[in-house]
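Read the structure below first, then the notes.
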Amino acid sequence: MRSNFVLQEIWIGLRRNLTMTVALIVVVAISLSLLGTGLLFYQQVNNTRTYWQSKVEISVYLCTANSPNHSCHGAASQAQIAHIRQTLDSMPQVESSTFQSQAKAYALFKQYFANDQSYLNTVTRNEMPPSFEVKLKDPARDYNVVASAVTGAPGVDSVIDEETILNKFYQLLGALRNAVIIVALILIIAAIMLVANTIRLSAFNRRRETGIMRLVGASNLYIQLPFLLEGVIAGLIGWVLASFLLVGVKSLLLNNLQQYFSYNVGLSTTDLVEVIVLAMLVGVVLCGVTSFVTLRRYLRI
Amino acid sequence: MINFDNVSKVYSHQNRAALENVSLSIDKGEFAFLVGPSGSGKSTFLRLILKEERPSGGRIHVAGRDLARLSNWKVPHLRRRIGCVFQDFRLLPNKNVYQNVAFALEVIGKPRRFIRRVVPEVIDLVGLEGKYDRMPHELSGGEQQRVAVARAFVNRPMILLADEPTGNIDPATSIGIMKVLDRINRTGTTVVMATHDAAIVDSMRKRVIELEYGKIVRDQFRGIYGQSY
């Protein structure tokens, strides 16, 4: 096998239908980067979920002197607090529970909103509800059991599961992911058709050469390889472009999103590399297989 | 070298057989003309030798191989032992004489040093010395056919098949082509040539196989084209 002959043939093929090749590269690049973006979103949701799963808590907010809740009759008394603590600690599903006094809640509040004076000015220390922060052994399974045990108990204002808040965020990312993957799949179908057409055009353009190659006894591999590699190389160029786009998506979009929601679960470089490698496999397999199948149809051996 | 044993070929969607119970054998080093009107089965005969078509019945042996038993991936190796020349030359218009001939060796993976040595030899053999870098459109029909013959012969095949090689060439130039084919035949290569050219057949005095409606109606050593055409 003479590699420079094959390379020369590939170059001729790619150059001869330049417009098709460019279209192919662009479509492959966009479809792969969208697919990769979908996968990055997926990873992001997974990472965030595992991160929070270990930390997720039930917050049991207690009544304050002026809670608007009807089940509250003034601030929770010491006896009520002790009773709630006892209820929680006796449950086998609870890993630990910590009491957060008004003073501590206010301190945390001041810390979160340190650069927002208007908030700090309107909320007083007495308005901050004291709470029990409850850590569960298995949040997904035990939430309802624990929540219903304390809901409505004297002195309890409300029970809030942090996972319900997080779920909104997951839903947002999930919906974005689905939308992106659907568009990616449509584009991949378009890419497959484009590969098939490009190879068919290429085979038609060079039917004279391939006819002679067949006649003088060139092996099938020798005849088909330039076409096959032509598709694969176009796919690889598209993939390289897609990789740049994916790096952009990660560093611009996802990292900003993360800052916006003020949580600290970024995607590692390994995650990004994984997605990029997967995109390459998809691109190469897609272009290679499509070229091969097309060749079977249009290049008689 | 070429052995047909009771070979028939019926193309699908056609009632009449293109070849019907054809048995013949062409020995190594022979020169045989294949004559007969259009549609008599000459081209089918040549295509069967190349295994471009499969016979509907009968056995074909080429260069000692049973074509029915030859697996598809070995067909290219069979074709390397057979050179082909056509009426329409089939040269690559964007390659010059040298490149056209070298192409046949490049695509079967011959080393470059070998190519550089044998290509000029063959171009000289067909009488085109000094025209290595001419493009096909700069050559006359006869010269183009010489390039095609050089390309067919450059790999020293055992068999040379020629499908009306003088069909597009004037009689005077045809004689030149026939001299080249004769020279190739003298190196021990078996030559089978399908033709309509009575003058050439009569002047060469070689074996003549006449086909009509897919059947052999005459097989004559040192024959002539015949009176009926």
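The values are calculated or read from the model by the stated rules, or taken from the named source; none is laboratory data. Just so it is clear, the structure is predicted and the values come from calculations on it, not from any experiment. When we count neighbours, we look across all protein chains shown, and the Cβ atoms used for this are built from the backbone with ideal geometry, even at glycine.
Things to note:
- Residue ID - farthest from B:VAL191 (Cα to Cα), chosen from residues in segment B:82-105 that are at the interface with chain A (Cβ under 10 Å from one of its Cβ atoms) and in a loop (DSSP other than H, G, I, E, B): B:ASN94
- The single residue among B:VAL22, B:VAL7, B:VAL35 that is closer than 21 Å to B:VAL85 by Cα and in contact with a strand residue (DSSP E or B) (Cβ under 8 Å, 6 or more places away or on another chain) turns out to be B:VAL35.
- Positions within segment A:26-55 being buried (at least 19 other Cβ atoms within 10 Å of the Cβ) and closer than 23 Å to A:PHE132 by Cα, in sequence order: A:TRP52
- Residue within segment B:6-27 that is surrounded by 16 or more Cβ atoms within 10 Å (Cβ to Cβ) and of a type in the set (D, E, K, R) present: yes
- Hey, A:VAL145 in contact with a helix residue (DSSP H, G or I) (Cβ under 8 Å, 6 or more places away or on another chain) and β-branched (Val, Ile, Thr) or not: no
- Spans of helices (runs of 4 or more DSSP H) in segment A:80-156 with at least 2 residues touching a strand residue (DSSP E or B) at 6+ places or on another chain (Cβ under 9 Å): A:102-112, A:139-150
- Residue check, A:ALA23 of a type outside the set (Asp, Glu), assigned by TED's automatic domain parsing to the domain that holds A:VAL195, surrounded by fewer than 19 Cβ atoms within 10 Å (Cβ to Cβ) and out of contact with any strand residue (DSSP E or B) (no Cβ under 6 Å at 6 or more places or on another chain): yes
- Scanning segment A:266-301 for residues that are surrounded by fewer than 17 Cβ atoms within 10 Å (Cβ to Cβ), among the aliphatic types (A, V, I, L, M) and not in a helix (DSSP H, G or I) returns a single hit, A:ILE301.
- Taken together, A:LEU229, A:LEU187 contain a single residue that is within 25 Å of the chain's Cα centre (by Cα) and away from every other protein chain (no Cβ under 14 Å), which is A:LEU187.
- For segment A:93-110, filtering for residues that are in contact (Cβ under 8 Å) with a residue 24 or more places away in the chain and either more than 13 Å from A:SER131 (Cα to Cα) or not assigned by TED's automatic domain parsing to the domain that holds A:CYS63 (or both) leaves 4.
- Considering B:ASP66, B:ASP88, the condition of being within 21 Å of the chain's Cα centre (by Cα) and without any contact (Cβ under 8 Å) to a residue 24 or more places away in the chain is satisfied by B:ASP66 alone.
- Residue within segment A:62-76 that is outside the structural domain of A:VAL275 (by TED's automatic domain parsing) and in a strand (DSSP E or B) present: yes
- Consider segment A:199-219 and keep the residues that are out of contact with any Gly (no Cβ under 7 Å at 6 or more places or on another chain) and hydroxyl-bearing (Ser, Thr, Tyr). The one that is farthest from the other protein chains (Cβ to nearest Cβ) is A:THR210.
- When the residues of segment A:9-20 are filtered to those that are more than 10 Å from chain B (Cβ to nearest Cβ) and either crowded, with 16+ Cβ neighbours inside 10 Å or more than 37 Å from the chain's Cα centre (by Cα) (or both), the one that is nearest to A:LEU194 (Cα to Cα) is A:MET20.
- Members of segment A:154-172 found to be surrounded by 18 or more Cβ atoms within 10 Å (Cβ to Cβ) and within 19 Å of A:ILE81 (Cα to Cα), listed by number: A:GLY155, A:VAL156, A:ASP157, A:VAL159
- Tally of residues being facing chain A (nearest Cβ under 8 Å) and either in a strand (DSSP E or B) or surrounded by fewer than 15 Cβ atoms within 10 Å (Cβ to Cβ) (or both) across segment B:45-81: 3
- Restricting attention to segment A:13-39, the residues that are farther than 30 Å from A:LEU176 by Cβ and in contact (Cβ under 8 Å) with a residue 12 or more places away in the chain total 6.
- A:VAL6 assigned to a helix (DSSP H, G or I) and within 14 Å of another protein chain (Cβ to nearest Cβ): yes
- Which numbered condition B:ALA17 misses (of (1) among the aliphatic types (A, V, I, L, M); (2) part of a helix (DSSP H, G or I); (3) more than 14 Å from chain A (Cβ to nearest Cβ); (4) over 26 Å from B:ARG183 (Cα atoms)): (2)
- If you go through segment A:141-153 and keep only what is in contact (Cβ under 8 Å) with a residue 60 or more places away in the chain and either β-branched (Val, Ile, Thr) or surrounded by fewer than 19 Cβ atoms within 10 Å (Cβ to Cβ) (or both), you end up with A:VAL146, A:ALA147, A:ALA149, A:VAL150, A:GLY152, A:ALA153.
- Filter result for B:GLY167 (of a type outside the set (D, E, K, R) and farther than 22 Å from B:ASP124 by Cβ): yes
- Sub-6 Å Cβ pairs linking a first residue in segment B:118-142 that is within 19 Å of B:LYS179 (Cβ to Cβ) to a second residue that is of a type in the set (S, T, N, Q), at least 6 apart or interchain, are B:GLY141/B:ASN168; B:GLY142/B:THR173, ordered by first then second residue.
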